[in-house]
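The values are calculated or read from the model by the stated rules, or taken from the named source; none is laboratory data. Because the structure is a prediction, the values reported are computed rather than measured. Reconstructed Cβ throughout: ideal geometry from the backbone, glycine too, with neighbour counts over all protein chains shown. Ligands, DNA and RNA are stripped out before the accessible areas are found, and what is left, the full protein with its side chains, is counted by its heavy atoms. Shrake-Rupley method; radii C 1.70, N 1.55, O 1.52, S 1.80 Å.
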Amino acid sequence: MAKEVKKQIERLRNEIRRHDYLYYVLNQPEIADQQYDKLFSELKSLEEANPQFITSDSPTQRVSEQPLEGFKKVEHAVPMLSIDNTYNAEELRAFDERVAKGLDGRNYDYVVELKIDGVASSLRYEKGVLVLGATRGDGTKGDDITHNIRTIKAIPLRLTGDVPDVLEVRGEVYMPKKAFQKLNEEREKQGESLLANPRNAAAGSLKQLDAKITAKRNLSFFAYALGEVSGKFAKTHYESLEKFKKIGLPVNPNIKKAENIDEVIEICDKWKNKRFELDYQIDGLVIKIDQLNHYEILGTTGRAPRWCMSYKYEAERERTKILSIDVQVGKTGILTPVANLEPVQLAGTTVKRASLHNFDEIDRLDVREGDTVVIEKAGEIIPQIVEVRKEFRPKGAKPFPKPQVCPSCGEKIQIIGKKRTGKKEEIAHKSEYTHAYICTNKNCTTLLKERLNYFVGRDQMNIENVGPSLIEQLVESGLVKNLADIYKLEKEDLLGLERIADKSATNIIEAVGKSKHQPLWRLIAALGIRHIGGEFAQVLASSFGSIKKIQDASLDQLTQVLAPALKVKDPKKREERQKRAKSVCEYFKNPRNNMIVNDLLGYVKPEPPEKTSKTNKLTGKTIVVTGSLKNFTRDEIKQTIKDNGGKVSSSVSKKTSFVVAGDDAGSKLDKARQLQVKVIDENKFLQLIQKKPKSKKKSGFLWE
C-alpha cells in the first residue's frame, strides 16, 4: 500500500512539473488553472497524510514556514559582473569595433536579449536539485535568498534530463506589470506609500525575511547566462539558452541571433515602441558575443565584460497641459490632488490623469492649472509629472490653493505633518516630509462611499453584488449612513432603487447575509484601519481572538503581536511595528469608531480563529517533525508547536532542540542520530505540552 501511495505522489509531482514546464518555459499551457490547482491539492493531501514521503523538491514545499532572522552572505563561484551601457547606434558600432579588434580577425556573431528590469540572481543546482539562490550583491558576494527564490513558481526546484552535477544559472527575478499594479492597489488601500516601479517591488520582495510575504508577490524569472558548471555544457551562448529550456528553466522567448552590428541595431530599433506591449518591464537590450570561447580572449575591464553591452532606452516623456486639478477623498479621509491632463499618448497608452500624491509635491513642482508639463511613467506604469515648463505658463495662473475644507462635505479638515518612512528610491514621490490633509467629518458622503466600497471588497467582507453604483444610490438615498447600515437593509428598500429588480434585490440581501459569518480577520481588515490589511488583520485575529479584546488592548500589547518576524533591534523595523500598533490603538480610541464596530457586531457574528491551548512550554525550542503521526496532521502539530512558544524547522542541525519522530521516519531521523540530537515520539511530545494522547502507544524517548 505504501509503495502505491509513493508512486501516486511521484506521479503527481511529475505531472505538476510537466505543466510548470509547459506554462513557464514553453508558454503552452495544456490545462486550466482550476485543473492545475486540483492536481496540486491532491498532491498536498497525499503528502500531509503520508509525510514520510515529503521531499524538499516537491512542488508543495516552496514556502518556508519559519521567517529568517537575517540574510547570510555567500560568495559567488564565478563573479557576477555588471554590464556597460550605451544609448545610441554610434556607441554600439564603437563597441563592435572594439570586439573586432580584440578578436583579431576571428569570426563572431551576436545574441540580442531583452534587458529585463528586475533583480539579477544566481541559482545553484547540484545533481539537478536547487540548493542555493543568491542576489548579485557587490558581484563577489551576495545575500542567500534561497527561501524566497523557492517561492517563485517559474523557478524549478528540480531540473529534468541530463544535467551537470553542478550548474549555476544566472537570471533575472522580475515582477510582471499586472502583479505590480495589484500590489500598489493593495498598498494604497492600506495607506502605504506606492512603490515606484516593478524593479524596486521585486527587490523589496526578495529581501523579505518571511517567505510567505514573497510568495504572495507573484514574482517570475528568466534565465540568461551560465555561472559555474561542472563539465562541458555548451559551445555558444545561444546553445546554452536552448539547453536551459530543455532542462526546465524559463528563458525569454524574444531572443534573436544577429550576424553583425547592423542587425543588432535593427533589433534595438524594433523594440523601442514594441516594449510597451510586454507584461514585464524592460529598460533596453543586452548584446552578447555568441561564441563562449571568445569570452576569455576579450576578458573584462575589471568591473564589466568586454564581450557584452547593454543598449538602454531613454525614459519616454511627453508634453501636455494641465486642464484642472481635482482633490479626491480616500477611504481613510486623506485628500489627494489629481491632475486632469490634455490626453496624450505615452508608453503605449493614452494618459488623461496623473496623481500629484500630496500638496507638498504641488509646492515642490510649483504646479498650476493651465501649466504645460512634462510627464513620464514611473517604471513605465505610473503617470507622473516630472517638470513644469514655466515659459509656457499662461498669464494670471495662480498657485493651487491648499484645501481648508473637504471638497465633498465642506467641513473643516485636519492637517497632520509627518516624516516619510519609506526608502526614497522605493516610493513614487520623494518628499521627505509631507502633510496629510484629512477629512474627519463623520457625515462626509464621499468618505462614506469610499469606506463602503472597501468594506464590501473581495479581500475584506467579500459581499457579492454590492458594487460602487449600488453604494452610490444607498448613500445618496440615505439608506446607508455608516458601515453597519448595510446589514439593516431589507428587500423592499432595494426595490425602490434604479435598476434593482426583484431577483437582484434577493441576491443582494442573500450576499449581505452570507457575509455575517466571515472569519474574524476579514471584519478587522474591512474596518479600513490605516496600515492594517489582510495579513496583519490575520495576526490580530489569531492573537486576540475577538474584536472586544483588540478594543481593550494597550499600545504595548498591540506592538508585541504585530509583525513578530521583524527584528526589534532594528530602529526602522521597530518604527514599523509601532506605526501599525499606534494606528490600531488610535482607531479604537475614537468613540465613533467603537460605536460603529459595536453596531456591526450586533449583526455580524465573525468566525473566531480556532481555539488552541497555548503555553510557553516550548519557548526557545527549535523542533523538527518527521514521519507519520497518529494524533496530528502535519499542519496541526506545527501550529501546536507555535502555540506553545516553539519554532518549527524543516531540517535537522546542531541547533535543533529535539526531533518528534513518527512511524516511517526517514533521513531526518538518521541525521538527528548522527548529530546526537534528542529524538522523542509523539506521546512524549504530548506529555511535554500536557495534552492527553488519543492513542495508547507507550510514550518515551526514542533517542537521547
Next item on the list: Report the accessible area of ASP599, computed with a 1.4 Å probe over the heavy atoms of all protein chains in place, in Å² rounded to the nearest 10.
Entry: 50 Å²
Check: Where both residues lie in the chain, what percent of DSSP beta bridges are antiparallel, nearest 5?
Finding: 85 percent
Check: What percentage of all Cα-Cα pairs in segment 190-348 are separated by more than 21 Å?
Finding: 67 percent
Margin query: Given contacts defined as C-alpha pairs under 8 Å and at least six residues apart, what's the relative contact order of the chain, whole-number percent?
Written below: 11 percent
Check: In segment 2-157, what percent of the accessible surface is made up of carbon and sulfur (1.4 Å probe, ligands and nucleic acids excluded)?
Finding: 48 percent
Margin query: Can you give me the accessible area per residue for the chain, using a 1.4 Å probe, in Å²?
Written below: 51 Å²
Check: At a probe radius of 1.4 Å, what is the per-residue accessible area of LEU226, in Å² to the nearest 10?
Finding: 50 Å²
Checklist line | Contact order relative to length of segment 252-348, as percent, for alpha carbon pairs under 8 angstrom and 6 or more apart | finding: 21 percent
Next item on the list: May I ask you to list the chymotrypsin sites (Phe, Trp or Tyr not before Pro) in segment 201-263 that are in a DSSP loop and have at most 16 other Cβ atoms within 10 Å of their Cβ?
Entry: PHE233
Next item on the list: Just read off the accessible area of GLU259 with the full protein assembly in place, 1.4 Å probe, to the nearest 10 Å².
Entry: 140 Å²
Next item on the list: Run the dipole for segment 1-127 about the Cα centre, Lys and Arg Cβ at +1, Asp and Glu Cβ at -1, nothing else charged, and hand back the magnitude in debye, nearest 20.
Entry: 540 debye
Next item on the list: Could you pull out every Cys in the chain that lacks a partner Cys with its beta carbon under 4.7 Å away?
Entry: CYS268, CYS308, CYS585
Note to self: Taking a ≥ b ≥ c as the square roots of the Cα gyration tensor eigenvalues, with a/c under 1.5 meaning rounded and otherwise prolate when a/b beats b/c, else oblate, which class fits segment 440-589?
What the structure shows: prolate
Notebook entry, point to check: Can you run phi through the Karplus equation (6.51, -1.76, 1.60; θ = phi - 60°) for segment 553-558 and list ³J(HN,Hα) in whole Hz, with x for Gly and Pro?
Noted result: 6, 7, 4, 4, 5, 5
Note to self: Can you give me the long-range amide H partners of ASP84? Hydrogens built in the peptide plane at 1.01 Å from N, cutoff under 5 Å, separation of 5 or more residues or another chain.
What the structure shows: SER310
Notebook entry, point to check: In percent, what relative contact order does segment 323-384 have, based on Cα pairs under 8 Å that are 6 or more apart in sequence?
Noted result: 28 percent
Note to self: Report the rotationally averaged projected area of the chain based on its alpha-carbon convex hull, in square nanometres.
What the structure shows: 36.6 nm²
Next item on the list: Taking all protein chains together and a probe of 1.4 Å, list HIS435, HIS531 from the most accessible to the least accessible.
Entry: HIS435, HIS531
Notebook entry, point to check: Which of the pairs LYS178/LYS216; LYS38/LYS516; LYS153/LYS621; LYS449/LYS503; LYS621/LYS684; LYS141/LYS257 have their Cα atoms more than 22 Å apart in this structure?
Noted result: LYS38/LYS516; LYS153/LYS621; LYS449/LYS503; LYS141/LYS257
Checklist line | Under the Karplus curve 6.51 cos²θ - 1.76 cosθ + 1.60, θ = phi - 60°, whole-Hz ³J(HN,Hα) for segment 358-371, x wherever Gly or Pro sits | finding: 7, 6, 5, 5, 4, 5, 4, 7, 6, 7, 9, 4, x, 5
Note to self: Run lengths n ≥ 4 of DSSP H only: what is the helix-derived mean residue ellipticity at 222 nm for the chain, with -39500 (n - 2.57) per run over all residues, to the nearest 500?
What the structure shows: -10000 deg cm²/dmol
